[in-house]
Every structure is written in C-alpha cells, then in structure tokens.
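Everything on this sheet refers to the single structure shown next.
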Amino acid sequence: MLCLGVQSLMFGQAKDMVLIEGSRYIPLYGRDSTVVEVKDFKMDIYPVSTENYKQFLKDNPKWRKSKIVSLFADKSYLSNWKTDLEPNDSIHPNSPVNYVSWFAAKAYCECQNKRLPTIDEWEYVAMADETTKDARVKPSYNAQILAWYEAPRTKENRIGETPKNAWGVYDLHGLVWEWTLDFNSVLITGESRKDVDKDSNLFCGSAAVNATDLMNYAAFMRYAIRGSLKAKYSMKNLGFRCVQDIKKENK
C-alpha cells in the first residue's frame, strides 16, 4: 500500500508507544477457556485522535470521505466531518476519531509501519487496571468498566483524561470501542459463524447467563459487538489504535 508524506505522522506517534510484555492467559469468552499466548509487542498509548486522522487524510487522499471506494466504507464513514479535511465544529482535535471503517483503520496503521491489534492482544492489555495487569477478578474493576460503557457521549471526551493502566496505556475503556485486526474471528459461543441461531442471540440480555462469571459482562459486550461488525461499517462509538511487532535483531 502506498502511503504518502507520513514521515511526520510516524515520528509524532512512534514515541507514544509502550512495550507490552507478552504471556499466556485465558480470554474470557470465545475459546472455551483455551490458553492463548501473546508475544511481546508495542501498543499506542492513546487511541488515534481526530487530529491524527486529519493528517493521514491530508497525506492520503484516497481515504477522504468524497473519494473512498464504497467497498471500503459505508455511507456513515466520517459522517461527522463537514468536508474532506474538516471535522464538524463540535469535534475537538484531541477526541478519538470515530466513524472510521476497519479498512481505513488498517490502512492508517500500515502507513506508520504498524498494524491493528489482535483481539487477544487488545484484551490482554485491557485486563489491567491502574495497578494490576490482570484485574479481572476485582469486582470494582468490572463495575467501573460497565459504568463507562453506560455513560452517554463518551466519544466526545478528550484522549488521555482517564487514568492510565498498569501498562501505561490510556483509554482502552471509557471513550470508544476499538477495532481489532481479527474482530470477526471469535464468537463468544465458541461455535462456527454458520451457527445462525446462536449468532442472532448475541445481543439478547439472556445470553449473558452462558457466561462463566457475570462480573465479566463487560467483556461479553465487547465480543458481542465485534461479532456484529462488518469491515466497512463506520460507527459513532468505534475508533482504533495501532500496535507494532517487536523486531528481533540478528545475533
């Protein structure tokens, strides 16, 4: 993919990453308590902002709302921008960019020599609260996340105003949902995507009784949202951030 004039953007965001030390863990949903391994990687400390994305659009005209191919974005793409390069006046430059499709988010990351995080990577980092890297057993942690999810208009808040977690990452919860590289590869039922009946029940409140621990309902919601998405969708409460693989030096 050709990315034009992104050196300044790459420099500006390269320093805003943190090393995530990988490990083995059990995701809450979707794999029937199968242990997965996450390798070391770097993650953006912040989600991509409106200002970041504006610079990307300046350098890569093909992703502007008037030029993007319909295969890569639905009609909602950047619907809160008044022109190709100007968001609505109500949008702060340091708010998380939203109304961006998976294709566009993926292209943005690739233009910085980065990529979108996998579900396992995102969930691994998102397990952390301010002091503990796996805080899922804390009722207070789950309650706080659910409270954030229920709060209205969080997408309009500024980036970096919530406390950073134990990894040094901000805003994984409390602003917007975030795209992942393999967003539609995991179902919370652990069954095939051809299982239409179970798929259609993902958003039913009663489906939560199948969860092993109702205190993990916040994670249940995330997997349900991911299972409903298509790559061209653009939503008001969906943004993204990038990660980067660790390059191994030859000995």
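The values are calculated or read from the model by the stated rules, or taken from the named source; none is laboratory data. Not measured: the values here are computed from a predicted model. Here the Cβ is made from the backbone with ideal geometry for all residues, glycine too, and neighbour counts use every protein chain on show. Accessible surface is based on the protein model in full, side chains and every heavy atom, while ligands, DNA and RNA are left aside. Shrake-Rupley method; radii C 1.70, N 1.55, O 1.52, S 1.80 Å.
Ordering Ser49, Ser79 by how much accessible area each has at a 1.4 Å probe, largest first, what is the list? Intermediate values should be presented prior to the final figure.
Details: Ser49 10, Ser79 60 Å².
Largest to smallest exposure gives the sequence Ser79, Ser49.
Give, as a single signed number, the net charge of other residues whose beta carbon lies under 12 Å from the beta carbon of Leu85, with Lys and Arg counted +1 and Asp and Glu -1.
Details: positive: Lys54, Lys58, Arg64, Lys65, Lys67, Lys82; negative: Glu51, Asp59, Asp84, Glu86.
Residues near Leu85 contribute +2 overall.
Could you give me the ³J(HN,Hα) list for the stretch 237-248, computed from phi with Karplus coefficients 6.51, -1.76, 1.60 and θ = phi - 60°, whole Hz, x at Gly and Pro?
Karplus values, whole Hz, x for Gly and Pro: 10, 10, x, 6, 9, 10, 10, 9, 5, 7, 7, 8.
Out of Pro47, Ser66, Trp81, whose Cα points farthest toward the positive end of the dipole of the stretch 47-97 (charges: +1 Lys, Arg; -1 Asp, Glu; placed on Cβ)?
Going by the Cα projections, it comes out as Ser66.
Within 10 Å of each candidate Cβ there may be at most 12 other Cβ atoms; applying that plus a DSSP loop requirement, which chymotrypsin sites (Phe, Trp or Tyr not before Pro) in the stretch 36-112 survive? Walk me through the numbers on the way to the answer.
Details: sites: Phe41, Tyr53, Phe56, Trp63, Phe72, Tyr77, Trp81, Tyr99, Trp102, Phe103, Tyr108; in loops: Tyr77, Tyr99.
When the chymotrypsin sites (Phe, Trp or Tyr not before Pro) of the stretch 36-112 are filtered for loop state and at most 12 Cβ neighbours within 10 Å, nothing remains.
Sequence-distant or interchain residues sharing an amide H contact under 5 Å with Trp81, placed H: which?
For Trp81, the qualifying residues are Asn88.
Using Cα centres only, tell me the gap between the stretch 65-137 and the stretch 143-159 in whole Å.
That distance is 16 Å.
What ranking of Glu161, Glu121 comes out by heavy-atom accessible area, probe 1.4 Å, highest first?
Of Glu161, Glu121, the descending order of accessible area is Glu161, Glu121.
Taking amide H positions as placed 1.01 Å from N in the peptide plane, with prolines and chain starts having none, which residues 5 or more places from Trp179, or on another chain, fall under 5 Å of its amide H?
Gly239, Phe240, Arg241
What are the ³J(HN,Hα) couplings of the stretch 89-104, residue after residue, when phi is run through the Karplus curve with 6.51, -1.76, 1.60 and θ = phi - 60°? Round to Hz, x for glycine and proline.
Ordered by residue, 3J(HN,Hα) equals 4, 6, 8, 7, x, 9, 8, x, 5, 9, 6, 10, 6, 4, 4, 5 Hz.
Return the long-range amide H neighbours of Ser23 (sequence gap of 5 or more, or a different chain), with a cut-off of under 5 Å between placed amide H atoms.
Residues meeting the criterion, in which the H sits 1.01 Å from N, are Val38.
Cross-link list Lys42/Lys75; Lys133/Lys247; Lys42/Lys138; Lys114/Lys164; Lys106/Lys248: which exceed 29 angstrom alpha carbon to alpha carbon?
Values: Lys42/Lys75 33 Å; Lys133/Lys247 24 Å; Lys42/Lys138 26 Å; Lys114/Lys164 22 Å; Lys106/Lys248 23 Å.
Long pairs (Cα-Cα over 29 Å): Lys42/Lys75.
Report, in debye and to the nearest 20, how large the dipole of the stretch 67-147 comes out about its Cα centre when Lys and Arg carry +1 and Asp and Glu carry -1 on their Cβ.
It comes to approximately 140 debye.
Could you sort Lys54, Lys138 by accessible area so the largest value comes first, with the probe set to 1.4 Å? Working shown, then result.
Numbers: Lys54 30, Lys138 60 Å².
Solvent-accessible surface, decreasing: Lys138, Lys54.
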